[in-house]
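A.B. asks: Have a look at this one before I ask anything.
The values are calculated or read from the model by the stated rules, or taken from the named source; none is laboratory data. Only a predicted model underlies this, so the values are computations on that prediction, with no experimental measurement involved. Neighbour counts are summed over all protein chains in view; Cβ atoms, including those assigned to glycine, are modelled from backbone coordinates with ideal geometry.
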Amino acid sequence: MPRIPYQNLPEDDVTEAVRARRGGEITPLDKLLAHSIHLLAGWNSLLGAVRGELSIGQHVIELIALRVAVINGAGYEWAAHLPLGTRSGLAEEVISALLERSPRGFASPEIESVVRATDELTVDARLSEATFEQLRHYFDERGLVEVIAVIATYNMVSRVLVGLDLTERDRSAAKGSS
């Protein structure tokens with residue numbers, strides 16, 4: 001169980017927007033964020049843009065989410081994004097490599113550059129010039145901003161999950177009860 005109780009979402013425009021983004025589902029994370037309805041509204045707007053309005057490929061977004069989850073020990077986030085990563089086309093070998101402390105040897109230099117950027121920004125909150133230049137080979141300026149913002153976004157998500165002690169068990173229990 002998380003550190004604070006779940007909050008019921010009011011039947012309002014915010015809840016309707018959350019349900020619309022999530023295909024009708026309200027998650028345990030939503031029920032925790034509902035303690036601050038304005039935060040939930042902003043969160044939903046940001047994650048809606050990240051999930052559906054960016055120019056970088058869905059595989060890049062899922063690669064970032066999964067790697068951040070590993071580094072930050074956010075099992076809930078890993079479980080939520082693993083099926084999405086598979087559906088986005090991430091190869092099983094790539095997903096397995098993300099679990100390693102220092103993953104190497106990706107077949108794609110693009111994937112390698114995104115993983116390196118994710119590691120640097122997640123662990124040190126700094127992006128080296130060499131890694132930035134490597135990313136520049138694969139992304140235009142919009143894509144560079146999006147990659148960095150997605151890394152920051154999933155760090156925010158994982159830190160809320162870990163801080164509130166929301167785990168994969170809570171996610172599984174919620175799925176079983178619906």
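A.B. asks: Please go through the range 51-84 and pick out each residue that is among the hydrophobic types (A, V, I, L, M, F, W, C), farther than 23 Å from residue 2 by Cβ and buried (at least 19 other Cβ atoms within 10 Å of the Cβ).
C.D. replies: 56, 60, 61, 63, 64
A.B. asks: Which residues, counting only those in the range 61-91, are in contact (Cβ under 8 Å) with a residue 12 or more places away in the chain, among the polar types (S, T, N, Q) and over 19 Å from residue 29 (Cβ atoms)?
C.D. replies: 88, the sole residue that qualifies.
A.B. asks: If you check every pair at least six apart or on different chains, which have Cβ atoms under 7 Å apart with a residue in the range 49-60 that is in contact (Cβ under 8 Å) with a residue 24 or more places away in the chain first and a residue that is basic (Lys, Arg) second?
C.D. replies: 55/142
A.B. asks: Would you be able to tell me the number of residues in the range 93-142 that are more than 20 Å from residue 158 (Cα to Cα) and under 17 Å from the mean Cα position of the chain (by Cα)?
C.D. replies: Count: 2.
Residue-by-condition table, conditions (1) under 23 Å from residue 171 (Cβ atoms); (2) out of contact with any Phe, Trp or Tyr (no Cβ under 7 Å at 6 or more places or on another chain); (3) at pLDDT below 95:
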position	(1), (2), (3)
78	yes, yes, no
82	yes, yes, no
106	no, yes, yes
113	no, no, no
129	no, yes, no
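A.B. asks: If you don't mind, there's one more thing I want to ask. Could you please give the count of residues in the range 107-140 that are surrounded by 15 or more Cβ atoms within 10 Å (Cβ to Cβ), under 17 Å from residue 70 (Cα atoms) and either not small (Gly, Ala, Ser) or not assigned by TED's automatic domain parsing to the domain that holds residue 156 (or both)?
C.D. replies: Residues in the range 107-140 being surrounded by 15 or more Cβ atoms within 10 Å (Cβ to Cβ), under 17 Å from residue 70 (Cα atoms) and either not small (Gly, Ala, Ser) or not assigned by TED's automatic domain parsing to the domain that holds residue 156 (or both): 10 in total.
A.B. asks: A further question follows. Go through the range 141-173 residue by residue and tally those that are surrounded by fewer than 19 Cβ atoms within 10 Å (Cβ to Cβ), in a helix (DSSP H, G or I) and of a type outside the set (Gly, Ala, Ser).
C.D. replies: Adding up the residues that qualify gives 11.
A.B. asks: Ok, one more. Sort out which residues of the range 16-32 are under 15 Å from residue 156 (Cα atoms) and either without any contact (Cβ under 8 Å) to a residue 60 or more places away in the chain or surrounded by fewer than 19 Cβ atoms within 10 Å (Cβ to Cβ) (or both), and write them in order of number.
C.D. replies: Within the range 16-32, just 30 meets the criteria.
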